[in-house]
Amino acid sequence: MLGVVLFRAMGGQFSARHHDAVEAASIYWHFVDVVWICLFSLLYIIPTK
């Protein structure tokens, strides 16, 4: 997804008014960050017995 956004940005397809793909990629990676933090907390920080 980031590669597609980079390729399109190098082609000049984004502007201040037209940046939906950039925003979608950003929202996706923020979601991945939150999921990673939750999984890390559950698997490594919270001790299990």
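Observations, loosely collected:
- The single condition among (1) touching a helix residue (DSSP H, G or I) at 6+ places or on another chain (Cβ under 8 Å); (2) open to solvent by 80 Å² or more (accessible area, probe 1.4 Å) that F7 does not satisfy is (1).
- Hits in the stretch 27-41 - residues which are open to solvent by less than 70 Å² (accessible area, probe 1.4 Å) and modelled with pLDDT of 95 or more: V32, V35
The values are calculated or read from the model by the stated rules, or taken from the named source; none is laboratory data. Remember, predicted model here, so these are calculated numbers, not experimental data. Methodologically, a virtual Cβ is constructed for each residue, glycine included, from the backbone with ideal geometry; neighbour enumeration extends over all protein chains shown. Areas reflect the complete protein model, heavy atoms only, side chains present, ligands, DNA and RNA absent. Shrake-Rupley method; radii C 1.70, N 1.55, O 1.52, S 1.80 Å.
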